[in-house]
Structures are given as structure tokens and as C-alpha cells.
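To start, the structure under review is shown below, and the notes come after it.
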Number of protein chains: 2
Amino acid sequence: MLNFKKILPIVCILCSASILYGQEQNLVQYIKPLTGTDKMGHTYPGATVPFGSVQLSPETDTQSYELNGKYNKDVYKYCAGYQYQDKTIVGFTHTHFSGTGHSDLGDFLIMPTTGPLQLNPGTTDKPLSGFRSKFSHGTEVAVANYYKVQLEDHDIQAELTTTTRVGFHQYTFHKSDSAHIILDLMYGIYNYPDKNVWTYLSVENDSTVTGYRQTNGWGRTRTLYFAMVFSKPFKNYGYQDNSKKKVYRGFWRKFKQDQDFPEIAGQQIRAYFNFNTNEGEKVKIKFALSPISTANAMNNLLNETPDWDFDLIKKQGQAQWEKELHKIEMQADKETKENFYTAMYHAFINPTIYMDANSEYKGLDQNKHTAEGFTNYTTFSLWDTYRALHPFFNIIQPRRNADMISSMLAHYEQSVHKMLPVWSNSANENWCMIGYHSVSVIADAIVKGNTFFNTKAALEACVTTARHRNYDGLSYYIDMGYVPEDKNSSSVSKTLEYAYDDWCIAQMAKKLNRNDIYVEFMQRAQNYKHVYDSSTGYMRPKFSNGTFKKDFDILNTDEAGFIEGNAWNYSLYVPQAPKEMIDMMGGNKKFVRHLDSLFDVELPDKYFAATEDITRDGIIGNYVHGNEPSHHIAYLYNWADAPEKTQQRIRMILDRMYHPTPDGLSGNDDCGQMSAWYILSSMGFYPFAPGSDQYSLGSPAVENATLHLENDKTFKITARNQGKKNIYVKKVTLNGQTLNRLFITHSEIINGGELVFYMSSRP
Amino acid sequence: MLNFKKILPIVCILCSASILYGQEQNLVQYIKPLTGTDKMGHTYPGATVPFGSVQLSPETDTQSYELNGKYNKDVYKYCAGYQYQDKTIVGFTHTHFSGTGHSDLGDFLIMPTTGPLQLNPGTTDKPLSGFRSKFSHGTEVAVANYYKVQLEDHDIQAELTTTTRVGFHQYTFHKSDSAHIILDLMYGIYNYPDKNVWTYLSVENDSTVTGYRQTNGWGRTRTLYFAMVFSKPFKNYGYQDNSKKKVYRGFWRKFKQDQDFPEIAGQQIRAYFNFNTNEGEKVKIKFALSPISTANAMNNLLNETPDWDFDLIKKQGQAQWEKELHKIEMQADKETKENFYTAMYHAFINPTIYMDANSEYKGLDQNKHTAEGFTNYTTFSLWDTYRALHPFFNIIQPRRNADMISSMLAHYEQSVHKMLPVWSNSANENWCMIGYHSVSVIADAIVKGNTFFNTKAALEACVTTARHRNYDGLSYYIDMGYVPEDKNSSSVSKTLEYAYDDWCIAQMAKKLNRNDIYVEFMQRAQNYKHVYDSSTGYMRPKFSNGTFKKDFDILNTDEAGFIEGNAWNYSLYVPQAPKEMIDMMGGNKKFVRHLDSLFDVELPDKYFAATEDITRDGIIGNYVHGNEPSHHIAYLYNWADAPEKTQQRIRMILDRMYHPTPDGLSGNDDCGQMSAWYILSSMGFYPFAPGSDQYSLGSPAVENATLHLENDKTFKITARNQGKKNIYVKKVTLNGQTLNRLFITHSEIINGGELVFYMSSRP
């Protein structure tokens, strides 16, 4: 007999999403979480809810697991903990970055096992030598907010789901008198020696454990607290301290601490909890996180998962996804649909909510703060996401984007550097990459009228950040108009990005009627010109004496002067003034030929070694889609009076760089930036220069897409005569009027209406 | 011209104490903080207010300073950071235990220097090789809440004072363009490698620094936060990280971090702040602590030290001491007076207040709690202090003692072990020594009617603690009636102390009408009999098979079966049943001879090596006053019908074991226990068995003493015909009535009245 009491609320939640949008589409079915888990997508297949604090996912890592004392380059593969090619799973952890090019997290590994207790993970070639287990993709189910796999060596079915702050585990055992749940506090992603600063475990009763893990990693001073509740009492428990340096013992010696001792602390702890299980018995675990305290973690747990109904939690999370996906209803072929909604999924993972149910969060100053009037977010991969993800949010998640900006402003307030975030996570700034692209995110929101935050404070924060003379060559940039390569590395990349960021500040200053600031920063926005070498036609490293670096290789990504992009690609990075740049480079015709050669050149093999985070598939000629400095490049043809080439290149990139398969991402998804590029480009427009209210038109890949905006208006995009070969746009109409320009504006979208592309197979 | 605006409030504060007690005595003059700083008193000479969270005092340590990789026995000398014999000072730190036999703390060393910047401390034999400095006692002033010394190598006058939560430094420089304040986060008392788990510094502006130090020491998982404000801006600053393992650097490399970089983190940090100074310029520092956060530390700082008036802060603290000392006004010769008020001073240092100005504190569960309706205390050296310090508090500080018990009950609530504190500090249990003497403190308060705490919860906590089968041999004790030496070490000491503690539980159960518990624990209180060996007349280690250990040395402190006391002394530890014990040991006559031999024996040299924490002066025969298990022994004669011998021994101990000089303490002061013994014994009575309402009478050393009680009554003790040789008590009257017993009761004291001893030179 069906248990209607349990099913009804789920059905209702699912119904409500459907009813809300007046149709019956199940869009979560198109989410393919495994996409990007093979090769260098750096995504993870596990369970999470939109912008969730918990990302509960399997770990297959072996390379960085051992404390081998030095950086292992293979570590890079395991930024998200899981590689599709691997044959074993070592456990499931609660925190993951999605698509990053650097690694951290992987907190609190849980592994269910049976048989003799093993407290070492074992090796991939000999999984039976430890607690890890073989698995096969045949038993693996990875869908929105649900992951399932059979742990073959232990004959346990593992299932995972989540709420915003709670990971919910369900392990189905056979009959056993030696079933174990291992809680490994040693494990972490990129786990070099002494990354664990301190860990702490408190066994509060026969089914409740709390504690924390403090690490010195990408987040230099990071602590994460947890509360863990088992669905049945364990019969006993214990732990192993694998630290070479034992903790201070003193009179603690009076206890036999390794078994059934409820207070455990040290640097390298693996704990276990033993059970007897009946045939088919499900042992469930609720595992809540908090940035503040174990008390807050427990409060989160009770608040979000009061019951033990795994299926309910799973379906509630899927309903959340369904609601988010329904913000864009689109039609296209199945692969495009899967690409599109998987991209929506990846775009709505980061930034992540970073505050407890009671609105408390840890600030950059390491103090406790309460988010008043906004939801606090973390995981700001801004060098990536300012380009398309935050502009996308300004269209489809404006309220969240404003809260993200409020979070960035709180970071600024708490910063002794008096700087907006560069790459921030978990109350830590890791300073990754270059620029100060928070200002782009803020300018884009202000210019587009998304101002649910303190715009005056925001402008001040942007200006103060941009005037920070101790930051990364900025004093030279301010004084000399460029970063000299003999004074600071990656000087060309920095000069170009600072100049763009400065233009962003000017745009918001203009909007906020601060002409003084507008003038100052429009001046600085011209600085790109100072690193342009007209003799070669490329941006080129310049020394403090004003001369250019003599020898440099325009194709080499590791070349001095540049970072995460070669001179060829970076030389095109003037999004704030494309027309001026094209003129500077010789005018439209010459520029189009130049751009064509970028896509058409055959790159010698030697250049692949350097581009570690993208696969060979991620490169078209010398166009590196897997790295963000290229993301605006295909749209540059529009400014050189060759829009048909933009259209052709965009469709080629959409077609070749994205597939809804494990190896379907051509490079790191970078916290949703790659995905946001796909979503926007496949709808036919792209924020070429965030901070401007214009979107450059490309060539849509969808048949149609309807955007349900937060202001209750809808904006519909239709591609008439769409088809695989019909990649050219003959005509565009906006609300029935032919559009005589190659862009649409933000207000045209946000006011609702219909954009129709008339497609053709010929330019 | 005198600045009356500044002087008036100080004068008023000092007046108010005098006016309150209707006389003009200045009692703080009798406080000699240097007492006990030579040899093994383990007190410190620095500044503190009564029960203050901050104990700001000089460090002279060299032995445990270096990270030499192994325990150095000399570390023991430096429990309080300072040894009177030393010739150099390495800096001033903010936290100290007073008189303990184990070491920790010494947080946040500040050292002012001049000349070329030196960031290593140097060595005692070559102080110029580092930042330490020679000093001489000639320039040293150590009085209540004020310490002054000339740092000779830098020609700087250092002055220290405090409030409850703020250390206030005043350094007088000569004219210099290279004056430095060093903030050393590496330094700590007993600072073995990796004791520092993590330290963090944030330079918030040109005169404000915040941060924290997290250690794994006696407090296993301890973190202390601070906020530090300079009276003038530093011109620049920097730091050195002396950790072998550098912290994760990543993109932090983009900064030059060692100079003027405001966010510092790592394991072994020494920071410095540079100044220009004029001739005679005073650079002042306010340094506030918090167990919770840097924000709370800053709040404490602003709350307690809003201004920069060093003298005001000093005098406010001295007025606090004056007020506390005035609770007992006494007359005696100068040395006795100095002994007495110095003992009061040492008795009112510990336990220490452990909560912020906003009542927030860190609990044993590592969560933040708010003390509702009580002041939260820490530093519970209970194996020592249950004997006389807490009973003394029940007379003269009952409200504080009740709050200390509330703090202990909060500890219990937060304990996953479900145990009351054993030896707790800073949200940590260090389990030091044996027994569960919290129950004695609680029973003593309940039996004496000092019940400003939840007595029902207290009884439950005591019972649960005493039934904890995993604790230190308790399961054997519960099942077999004694701790078998083959199952658990120090078995005799534990059996005897458990039996006493159990009697305490029975007493409070009786008072609270819980006859079931009374019966259970009175039964357990008899367990001392199970380790008594009638064939030798001593308590003796017993095995689980019921036989006694064959060979054992009754004089050896390191002997199996005992801890911090030899069999001779420990065999007399049945405070709950002295009469029964004396009968068991052969009756009064035999027992008196036995006891005489304790005091009169000449102890062979070989036994001194083992008693590490007491000087040879601390031993009379084989009576070891420097160790607590003896503290009731001199009063035992009373029960053997030989009160004149109690009188004689007490006066001998008072006379020989206490002097108001650096070498004046015969052993560790043990957080005030040694001092409380002095105060009570010198007034003629002693809590022989805390948990009873009786005080055993001895022989007063004062001429008179008036106790100003919290209930506004006074209790006066007078010794008629007092004199050095008049050590015997002919007669005692209470409120004019001759007392025909050898004790007074707590209610007789607390109801006010007069106790008169009639002294004589003959028994």
C-alpha cells in the first residue's frame, strides 16, 4: 500500500513548481552531473541544492591523498575529488568546488565498510588493502541532488542527498556484525602535510558526534564545524591518530582514549563507529555544517532535516532545482537541452551560501557576523565569473546577485587590506589570479539597475580597492600607466585587466553621478595602450625603462608577462574599447584576418604541455576556450563588421566544446563561468563587456527560450528556421521591430518582450 | 599645579574603601607580590586585579623558551615564567598561573627594545645577542597591580598594570629613531615544539592590532584572542615566521608580506612595531583578552580602559585589592601582617574570571555560551584548592564561591564525559591529579548553606561524576571497594581520595534529603579501610587478588600506589573519619607517638630528589607542607586528645613555612591553597574536612582579626596574651562563653560574634 502521507508533500512540491510555470516539463531530468567529471572539467557528480553550502560527493583521489611531502602535479586532476576514469571510491565528503583550477575542501570523509575494520584508505591498485572500494559506473546514478553507487568491496549501496546545510547519507547494508562508518578527518582535497592544523571530535551521545576541522590550505586560516547524527545508535567507536607529532597527553593518559572515549583532538584523526546490521538495513547519517560552531551546525541540522525521510529530502532538493531551471524554459534537440540545463545546474552551484540558519557567518576578520537583510555567499572565483556568470545572474538571479555583492561588501568591510574579494572562500581571501574584478560585478549590477545593495558604499569600496598601492603592481600601474615586467610578473595581463576594471569603476561612477571618479578611472581605462607594441601588433611585456621585452613567444601560455593565456589571446583583451583596439591594430579588415588566423592556426604540440587545465579538445587553432581570457573573442568580429564570423565561431564553439557527457567540458567549468558562456551564447547574446548594459548578438543554438524574470515579466528568444547548419542570422527583430544593431540592452530584456532570430545556412 | 580632575576620582575610589570600613589602614602596602618567586613558590611578580583574567608579568625563562624538542626538567621552575635568581627579562606576557605545579599560558609576549631590531630572544649568558635585557631587583617595584623595572640593555623603564581583562603597558623611552615594540606569538610557558597550533595577527590600522593564539598544551585545544592598541601610531611594522613548515603561500606571494602587510598567520610568528621616540616619551599599550573573539577583546578594551591614564588604571586596581583585603582587618607583627595580606592576595588571584564584558565565554564544548546570572570562572586547581581555599571563600567570598560552583556546573553540562572539573582552565579539562574534588567544593557550600546555585543539578552532577566507570580506576573502586594497584596507578591515593569525596556527596545528599544517595555514598566513604594494612599500620597498595604489594617504601614519594605524597603522609588521609582512623591505627596514644615521629624524623637525603616541587625548607621531618595531602595532618592531634600538639605544630609551620620574601614559600602556592592554609590557620581554625560545617581549632598567630562578612555581620578573633612563645591555647570563648570543644561551626562564624583565644607559653 502506498504511504500517501509521505508522498503527498513531495508531489505537492513538485506540482507547485509545475503549476507555477503552467506546464508539466520535468527539467531536472536534463541535468547530467557527471558532465565534466572526466578530464579537466573539475566538476563533481555528487548531490547539492542550488547554491548549497553542502556539496556531498564521492572521492576517488589517490594522488594527493597520501602525505607525501611535496606537491604532486596530479593533484590538479582532483580539484573536485572525483575523476571518471578511476575505479575506486575512498569515501564521500561534504564540500567541493565546482570546476575550479585550484583545490581545497573535501571536508569530513565518510566511508561505510564491512568486515575487519580498516583505518587506512588503501591504494587504487589494491583497494582491498584499505577501506576504499571498487565501484562501476553501471551502478552509479548521478542526478540533481542525488547520487547512488554500489561499493562493491563492502557490498554496500551508498546514496547521498542534501539540503542547503546538511548532507544526508543512506547506506544499505547486508546482515553484518561488523559494519562500520568511518569518519576521516585526515582526508582533504590537495592534502599536503600539515594542511590539517587541528581537528576535534566530540561524541555527544550514542548517535551524535560534533567537531571541526581547521586547515591551512587555499583558505589559509579556515575552520569548518559539523554536527553528525546517525539514524541508529552505534555499538561502540574509536579512533586512530596518525599524526607523527602526538598531541599533548599529560594526565589524559589516565584514560584509554582509542576506544569509546568521547573527546578526540589532534592533527590526523580517523574515527570509526561500529554497528550490527540486518539484511537490507539502511543506516542513515545527517551531517550538518557551520562556519561558526558545532551548536550552529546542530541547529542547522534540526532546522533543515527534522526527520529521517531520505526520499523526501532528495525530492525537496530536486524541486528546488526544478524551480531554478524553470526560470528558463527552452526548446532544442536533446543534447542541447541537456547541455543547457546541465549548464544551468553548474551555474547555480557557485557562489555558495555561507551562513547558518540563524544568519550567522564567519567574516574575513575571523569574527562572527550576522547577515542583516541579505544572504551571505562565499566561493567567489571572480577572475572567471565576472565575465558571464554574474551578468547572467543580473538577468535571471538579480536578487541573489545583489546579495552576492552585499557579501562582497561585507568582505571589504572586514578586510584589513581594505580590498574587495579577489578569490574568496570560507572567510578567507586566497588572492588567486589577478585584477580586482569585484568592481566589474558591482559595476554591471549598478549599470543594469540591480541595486539591492548599498551603491554608495560599493563605489567607495571599488575606488579604495583600485587605489591600493601595495596590491600586485598597482603602484607602478598608477604611477606609470602600466605594470613593468621587471617589477611585477604577468605584467601585461595585469595592465589589461586593471584597465578594464577601471573602466567598470568609471561606468558605475557615471551612473552614480560621481564625475570626479569617472574622469579619474576613464583615464586609467586607457592604460591598455601602454603595453601595445605596434611593431608586432601584440600586447607585449614592457620594462620600467619604457622598452619592450625583446624576445617573447606569442603562443606560449607560460610566457613572462602573461598568466593563464598567451600573448596572442591576451592581446585581444580590451573589452571596454573594442573599436579603439581594432583601429589600433590596423582596422577592420586586417583585424578580421588576424582573428581568423587565431582560430585557424595549427598549434604545435609543444604548446599543449603548458595549458594544464584544458584538454586538446578545448582549443580551436590557438583559440583556448578552456581559459577565460578568450571568452569574449568570438564576439569581436561584430565590432569589425563581420558578424557572420561571430555567428559561425559561436556555433562552432557551442557545438564542439560542450557535451552532456563525463568528458563533455573542454576545460575547468570555473564555478559556472564556462556554463554561463554556454547558456547566454546558446540563447544568442553575450555580455561582451560587463559594466556595459549591452549584450553582443551571436547565433542562438536553441529553438526558443523563455526567460521568467524576477519582475514577473518574460523575455522570449526564438530562432526561426533553426537547424544544425542554419548558423547564420539573417535578421533580428525585437518585439516585432527589426533590429539594426548587433546588440540588445539589459533593459530590453528586463522589460520583457520577444527577440526573434531569423536563421539561415548562409551568411 | 596639581591636576585635580585626574586625581579626584582616584582619591575617591581609595577613600570609598577606607570609608566603607571606617578606618584609614592601607592594606595593599602589605602585599608582597615577589613572595614565592624564588625557588618553588611558582608565583609571579606582575600586575593583576582580584580574580583578573589578565595576569601581566615579566618572563625570565630561558630553559623552555627554545624549541629543543624534548621536555626539559628545568621547565618546572618556570611555571609562572619568572625566577627571582634570573638576571634577564625577555618580555612581559598576559596570562599566568599562580603557584601551580604544572605549566601553560604565558600568552602574547611584549618586549620594548631600542637600537637595531633583534627578533630572537638571545640567551641569558649573552643577553645582548637578542632582544632580552638585563635587569636588577634594585629597579624593580612589585606591588599590588603594578610592576616596574628598568630594562637596562635598552634603557627603557617598563611599567605594567591591569584591569580584569586588559593589560596596560607603559614604556618610557629615551630619544630614539629606532624604538621597537616586539609582539612575540611564539613565546609561551612550557613551549615545546608544535605547542603553537596556529597564530593570527591582523593590523587593523596604524595603532590597532588584533589576533589570536591557539595552543595544544596543558589546555589541549585552547585559543585566546586579543585586541591591542598603541597610544601612538607606529611608523611601520613587520614580522618573522620562524616555523620550519611555512604556511601555505599560493597567490599570497603576490605580496611582500614581511613588512607592512596587515594580515599575518602562521605557527611561529614574531611581529614588531617601530617608533620614533622623544626623550622621556611614554609609549603605552592596552592589550585586552577574550576567550571568544577579537571583536569581544576590543569591546573589553573599550569597556575597561576607555582612556590612556596609566596611573588611574593602576590605582583603580589597587582600590579593588584594598576592598578585598579589608574583608579581614587584622593586627599582628609586621611579618605576620605581610604574610597574611600577601596570602590574601595570592588567595584572591585564582580561580580567574573567564568571560567577556558582555558575559560571553567559551564552554568546554568549544561553543560560545553566555553566563546568565553568574560570573564564569576558570583555573580550577581542585586537587589543591578544595582543601582550604574554597572553604575560605565560603566564609569571606561566598557569592564568588557560588559563582565558581555555577561555573563548574556549566562545565559539567558542556562535558561529553559528564564529569565535573578535575583541573580545568580556558575551556579545557587537563585531568591533572586525581579524585573528583569538585564534589568537595560543592558539598562544603551546600552544607554551609551557601547555595546561590542549582543545588539539585549540583547533586546530580556530583553523583554522575562519581559513578563514571571509565574514569581513572573508578570501575574497580565501585566494584571492589578499592583501586587495585595492578589495574590502575596511584591506587592508594585514589582509593583514599575517592572515599573522602564520596563522604562529601553523602553529606550534601543528607542536606538535600536524598537518603538513597546518602546511604550509597556513606557506604563508599568506608573504602579507605580496604587499603589499610594493619600489619604495618600504613595504607598500602593492594592488588586485584586481594593481596598487598610486598615491598614498599613508606618514605618514597615516587612509590607505586601514591602520587604527590608518600605512604607515610597519605596513610593519614581519612579526613571524613579521623576518629575511626585513629582507632584503626591503634588508638590515641599510639597514634600521637606515630604522628610525632612524622614531624621529628630526619629524612635521608635520597628522598629529596623526588619531591621536585618543594624545597628542603618545606619539610619538617617527613611532614611535607609543600604538598597538599599533609595540610590537615597537624590538626589530627585534636582527635587524638592532644590539642596542644596541634597548637605547637601549627605555629611551627606558620613560622617556618611562610615569609614575605621571594624565597618565602616552601612549595608551590597551588592557586592559593598554601595561602588559604596560612590565612585560616593564622586565625586559629581550619576546615579539617570540607563538607563538614566544623573548623578544627589550632593556635592563632594574629593578635586579632575582624572578618567583614557579606551578610554585613562581623566575626572577630582575638588572641589574648599573644606572643612568639605563647603558642598554646589555655581557653577559648565564643561570644563570652567558654568553648568545651576543639572546633567551631560555620554558622557560628557567619552569624557574627567574637572568638577569643587565651594564649599561654605552656601547654
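Only one of B:Y248, B:Y272 is among the hydroxyl-bearing types (S, T, Y) and outside any strand (DSSP E or B); which? Just one listed residue meets the conditions, B:Y248.
If the condition is being small (G, A, S) and in a loop (DSSP other than H, G, I, E, B), then region B:400-439 contributes B:S415, B:S426, B:A427, B:G435. When the test is whether a residue is without any contact (Cβ under 8 Å) to a residue 12 or more places away in the chain and open to solvent by 10 Å² or more (accessible area, probe 1.4 Å), B:K246 does not pass it. The sole residue among A:I442, A:I478 that is more than 14 Å from chain B (Cβ to nearest Cβ), outside any loop (DSSP other than H, G, I, E, B) and buried (at least 24 other Cβ atoms within 10 Å of the Cβ) is A:I442. Listed by first and then second residue, the pairs with beta-carbon distance under 8 Å, at least 6 apart or on different chains, first residue in region B:618-639 and on the phi > 0 side of the Ramachandran plot, second in a helix (DSSP H, G or I) and modelled with pLDDT of 90 or more, are B:G621/B:S597; B:G621/B:L598; B:G621/B:F599; B:G621/B:D600.
Determine whether A:Y471 is surrounded by 15 or more Cβ atoms within 10 Å (Cβ to Cβ), within 14 Å of chain B (Cβ to nearest Cβ) and either of a type in the set (D, E, K, R) or in a helix (DSSP H, G or I) (or both). When the stated conditions are applied, A:Y471 does not pass them.
When B:S544, B:S534 are screened for being open to solvent by 30 Å² or more (accessible area, probe 1.4 Å) and over 21 Å from B:A577 (Cβ atoms), only B:S544 passes. If you go through region A:212-243 and keep only what is among the polar types (S, T, N, Q), more than 30 Å from B:M433 (Cα to Cα) and without any contact (Cβ under 8 Å) to a residue 60 or more places away in the chain, you end up with A:Q214, A:N216. If the condition is being under 40 Å from the mean Cα position of the chain (by Cα) and either more than 9 Å from chain B (Cβ to nearest Cβ) or not charged (D, E, K, R) (or both), then region A:238-258 contributes A:G238, A:Y239, A:Q240, A:D241, A:N242, A:S243, A:K244, A:K246, A:V247, A:Y248, A:D258. The single condition from (1) in a loop (DSSP other than H, G, I, E, B); (2) within 12 Å of another protein chain (Cβ to nearest Cβ); (3) modelled with pLDDT of 95 or more that A:K232 fails is (2). Of all residue pairs spaced 6 or more apart or on separate chains, those with beta-carbon atoms under 6 Å, a first member in region A:524-548 that is in contact (Cβ under 8 Å) with a residue 60 or more places away in the chain and a second member that is open to solvent by less than 40 Å² (accessible area, probe 1.4 Å) are A:K542/A:Y482; A:K542/A:V531; A:S544/A:P484.
Residues being within 15 Å of the chain's Cα centre (by Cα) and within 29 Å of A:I264 (Cβ to Cβ) are entirely absent from region B:451-472.
Restricting A:D194, A:D206 to residues that are within 13 Å of another protein chain (Cβ to nearest Cβ), over 20 Å from A:K362 (Cα atoms) and in contact with a strand residue (DSSP E or B) (Cβ under 9 Å, 6 or more places away or on another chain) narrows the list to A:D206.
Note on region A:214-229: residues that are in a strand (DSSP E or B) and not basic (K, R) total 9. Note on region A:123-134: among residues that are at pLDDT 90 or above and assigned to a loop (DSSP other than H, G, I, E, B), the one that is surrounded by the most Cβ atoms within 10 Å (Cβ to Cβ) is A:R132.
Cβ contacts < 6 Å: first residue at the interface with chain B (Cβ under 10 Å from one of its Cβ atoms) and closer than 15 Å to A:V463 by Cα, restricted to region A:408-419; second residue at pLDDT 95 or above and in a helix (DSSP H, G or I), any location; separation 6+ or different chain. Result? Note: pairs meeting the criteria are A:K418/A:T464.
Considering (1) open to solvent by 10 Å² or more (accessible area, probe 1.4 Å); (2) in the same structural domain as B:L707 (by TED's automatic domain parsing), the lone condition that B:Y345 does not fulfil carries the number (1). Based on this model, can you work out whether A:N704 counts as open to solvent by 10 Å² or more (accessible area, probe 1.4 Å) and assigned by TED's automatic domain parsing to the domain that holds A:A445? In short, yes.
If you go through region B:167-185 one residue at a time, do you hit one that is on the phi < 0 side of the Ramachandran plot and within 14 Å of another protein chain (Cβ to nearest Cβ)? Yes. The set of residues in region A:166-192 that are in contact with a helix residue (DSSP H, G or I) (Cβ under 8 Å, 6 or more places away or on another chain) and either crowded, with 22+ Cβ neighbours inside 10 Å or free of Cβ contacts under 8 Å to residues at least 24 places away in the same chain (or both) comprises A:V166, A:F168, A:I189, A:Y190. Of everything in region B:211-222 that is under 18 Å from B:Q55 (Cβ atoms) and out of contact with any helix residue (DSSP H, G or I) (no Cβ under 9 Å at 6 or more places or on another chain), the residue that is surrounded by the most Cβ atoms within 10 Å (Cβ to Cβ) is B:T215. Scanning region B:122-159 for residues that are over 14 Å from B:T88 (Cα atoms) and hydrophobic (A, V, I, L, M, F, W, C) gives B:V141, B:A142, B:V143, B:A144.
Assigned by TED's automatic domain parsing to the domain that holds A:A634, modelled with pLDDT under 95 and open to solvent by 30 Å² or more (accessible area, probe 1.4 Å): does that describe A:K550? Spelling it out, A:K550 is indeed assigned by TED's automatic domain parsing to the domain that holds A:A634, modelled with pLDDT under 95 and open to solvent by 30 Å² or more (accessible area, probe 1.4 Å).
The values are calculated or read from the model by the stated rules, or taken from the named source; none is laboratory data. The structure presented is a predicted model; accordingly, all values stated were derived computationally and were not measured. Cβ coordinates were reconstructed from backbone atoms using ideal geometry, including for glycine residues, and neighbour counts include every protein chain displayed. Please note that ligands, DNA and RNA were not included when accessible areas were found on the heavy atoms of the full protein model with its side chains. Shrake-Rupley method; radii C 1.70, N 1.55, O 1.52, S 1.80 Å.
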